[in-house]
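The block underneath contains the structure these notes are about, expressed in C-alpha cells.
The values are calculated or read from the model by the stated rules, or taken from the named source; none is laboratory data. Note that the coordinates shown come from a computational prediction; the quantities given were computed from them, not determined experimentally. Cβ placement follows ideal geometry from the backbone for every residue including glycine, while neighbour counts extend to all protein chains displayed. Accessible surface areas use protein heavy atoms only, side chains included; no ligands, DNA or RNA. Shrake-Rupley method; radii C 1.70, N 1.55, O 1.52, S 1.80 Å.
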Amino acid sequence: MKTKVFFLGCMMTLFACSPQQEKVSTIDPALQAAVDSILQNTMKEVNAISGQAIVMEVQTGEIKAMVGTGKYQESALTRMVSLLATLETGKVKLSDSVNVGNGVYMVDDKFLRDHNWRRGGYGALNALESFKFNSNVGNYLLTKSAFQDDQAYFDMLNKFNYGAPSSVAGLDSLKPAILLTPKDSSWTQSDLAWSCNGYNQRISPIQMLTFYNAIANDGKMVKPMLYKGETEVINPQIASKANIDSLQMAIVKTVNEGLGRPARSEKCQVAGVSGTCQLSKEAENSVEEENAEYAIDFCGYFPADNPQYSIIVSMNKISIPASGAMPAWVFRDIVNYMVDAEKNK
C-alpha cells in the first residue's frame, strides 16, 4: 500500500463580494463569533495545532458559521459511510454478530487494531455495538462480509455521492475528494481494511459534513452554500429510507451509550459520531506514538428527533492523548449556545 497520509492544507476562505454581485451571506455573525470562541478555547485547552468548525442548516444547506482551517486528510468518520454501505447491500443488519476478539486482526501481513486492543478488545459484538464503540476490526469484518468485490464497495460510495461537492461558491481551494480504489495501480488486497475505516483518502470537513447532513435530512443530500439562494440537491435519496432510519437510530445510540457520549447536551438530544486517525506514519502495524499527529473529529446534528442543524468539528493535534471526545466538547458547547440563543430571541 502506498502513502496512507495526505496533508493538502485547505484554508476555507470567504470570497469578498463586490456590491455589483448583490450576494447575501448565509453566515450568522453572532453565531460565527461564538463558534470561533468555543473552538479556539478548546484548541488551546487540548493543545491542537489546527481546527475547523462548520454549522449548516439541514434542509437548505446554508452555512451559518464556518471558522478555522480544514485539511484534506483521512477521517475515521468514514466508518459511518461504510456501515450504511453494508446495510444497503441487504447482507448485513445491525443485529448481526461480529467477533472482534482481542481488538487485533491480521489482514495479510498487517495488523488492524481497535483503540482498546491493549485492554483486550471488545470480543463478541453485534453490528450496532461495533459502530457505537468505533471498532475498526468490526467495521472491516462487516464490510468484507457485505462486499466480496472491493470495487463494489466504492461503487456504493459513488451511489451515495460520498465526497461531494467538489466546489462551493465562496470557498477558496475546495477540491474534489480523492479515494484510493481498486482501479488504482497501487491498490492491494489489504487496502479495504483501511479504506473502510477512513484511510487512503483525501476529504475535507465540509465534504464529510455534506454526507452526515444527508443522514440528518432523511437521505436527501443538499449542497452547502454560503450565499442565499435556491437550495441545490446533489442526490434526492442517497440510500433507502429504512437504512437511513437505522443509521439515525445508531447515531443517537452512539451519543447516548457509545463513544459519542462527550457530545451529550442537557439542553437538547443530539446525534453524532467521533473518530480518531493517526496521521504521521503508516496506518498498518502502527500503535499510538507519543509524538504522532492525529486527526480528531466529531460530526452530528440536533435536535436528534427533528434535525435542524448539522455540525462538524475537526482538529489536528500532536501527541497523545488524542480523542474524538475533544471535538465532541466543541460540538456540545455549540449546541448549547444555539439552544440558548434561540430561547432568548
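Highest mobility in the GNM of the chain, judged by mean-square fluctuation with C-alpha springs under 10 Å and restricted to T86, T231, T210, is found for T231.
Pick from K144, K223, K132: which is most flexible by mean-square fluctuation in a GNM of the chain where alpha carbon atoms under 10 Å apart are linked? Most flexible of the set in this elastic network: K144. Counting only residues at least eight positions apart within a chain, or on another chain, the lysines with an alpha carbon under 24 Å from that of K23 are K64, K175, K223, K228. Farthest toward the positive end of the dipole of the chain, out of S186, F154, M56, is the Cα of M56, where the dipole comes from beta carbon charges about the Cα centre. Gain on full extension, evaluated as 0.36 nm per residue between K91 and S173 minus their Cα-Cα distance, stands at 25.6 nm. Rolling a 1.4 Å probe over the heavy atoms of the protein chains gives the range 171-310 an accessible area of 37 Å² per residue. For the chain, the relative contact order comes to 23 percent (Cα pairs under 8 Å, sequence separation of at least 6). Near the amide H of L279, within less than 5 Å, lie the amide hydrogens of E293, Y294, A295, all on another chain or at least 5 residues away, with H placed in the peptide plane. By the gyration tensor of its Cα atoms, with a ≥ b ≥ c the square roots of the eigenvalues, what is the shape of the range 58-150: rounded for a/c under 1.5, prolate for a/b over b/c, or oblate? Verdict is prolate for the range 58-150.
Amide H contacts of I234: M221, V222, K223, each under 5 Å away and 5 or more positions distant or on a separate chain (H built 1.01 Å from N in the peptide plane; Pro and chain starts excluded). Taking a straight line from the alpha carbon of K91, these lysines sit under 16 Å away, with near neighbours fewer than eight places off in the same chain left out: K144. Here the chain is treated with +1 on each Lys and Arg Cβ and -1 on each Asp and Glu Cβ, and its dipole about the Cα centre works out to around 180 debye. Database remark: amide H of Y227 closer than 5 angstrom to the amide H of T26 (H placed geometrically; neighbours at sequence offset of 5 or more, or on other chains; Pro and chain starts carry no H).
Other residues lying with their Cβ under 10 Å from the Cβ of A295 contribute a combined charge of -1, Lys and Arg counting +1, Asp and Glu -1. Summarised as an ellipsoid, the range 211-345 has semi-axes of 28, 19, 16 Å, derived from the eigenvalues of the Cα gyration tensor scaled by 5 and square-rooted, with the largest first. Converting phi to 3J(HN,Hα) with the Karplus coefficients 6.51, -1.76 and 1.60 and the offset θ = phi - 60°, the range 107-123 yields 10, 6, 10, 10, 9, 9, 10, 8, 5, 10, 4, 5, 9, x, x, 9, x Hz in sequence order, with x at every glycine or proline.
Would you mind working out the magnitude of the charge dipole of the range 200-242 relative to its Cα centre, with +1 at each Lys and Arg C-beta and -1 at each Asp and Glu C-beta, to the nearest 20 Debye?
Using Cβ point charges on Lys, Arg, Asp and Glu, the range 200-242 gives about 80 debye.
Normalised by 2.2 N^0.38 Å, where N counts its residues, the alpha-carbon radius of gyration of the chain equals 0.93. If the segment from S37 to T231 were pulled out straight at 0.36 nm per residue, it would be longer than the present Cα-Cα gap by 66.9 nm. Working from label points 7 Å from Cα in the Cα-to-Cβ sense, the N291 to S186 distance is 2.5 nm. Think of each Lys and Arg Cβ as +1 and each Asp and Glu Cβ as -1; about the Cα centre, that makes the dipole of the range 57-143 roughly 240 debye. Between V81, V24, V104, the residue with the greatest mean-square fluctuation in the GNM of the chain (Cα pairs under 10 Å linked by springs) is V24. Checking every one of the GluC sites (Glu not before Pro) in the range 17-92 against DSSP loop status and a limit of 15 other Cβ atoms within 10 Å picks out E22.
So what's the back-of-envelope 222 nm ellipticity for the chain, counting only DSSP H runs of four-plus at -39500 (n - 2.57) apiece and dividing by all residues, rounded to 500?
-10000 deg cm²/dmol
Scan the chain and report its longest stretch carrying no chymotrypsin sites (Phe, Trp or Tyr not before Pro) that are both in a DSSP loop and have at most 16 other Cβ atoms within 10 Å. Longest gap between qualifying sites, sites excluded: 16-345. In order along the range 25-35, phi translates into HN-Hα couplings of 5, 7, 5, 8, x, 5, 5, 4, 5, 5, 5 Hz, rounded to whole numbers, per the Karplus curve 6.51 cos²θ - 1.76 cosθ + 1.60 with θ = phi - 60° and x for Gly and Pro.
Rounded to the nearest 10 degrees, the inclination of helix 78-89 to the longest alpha-carbon principal axis of the chain is 70 degrees. Dipole of the range 12-137 computed with +1 at Lys/Arg Cβ and -1 at Asp/Glu Cβ about the Cα centre; of N126, N41, A85, farthest Cα towards the positive end is N126.
Site pair S319 and S166 shows an inter-label distance of 4.2 nm when each label is modelled 7 Å from Cα along Cα→Cβ. The phi-based Karplus calculation (6.51 cos²θ - 1.76 cosθ + 1.60; θ = phi - 60°) puts the 3J(HN,Hα) values of the range 193-201 at 4, 8, 5, 5, 9, x, 8, 6, 8 Hz, whole numbers, x for Gly and Pro. Spacing of the modelled spin labels on S50 and N336, each 7 Å from Cα toward Cβ, amounts to 2.9 nm.
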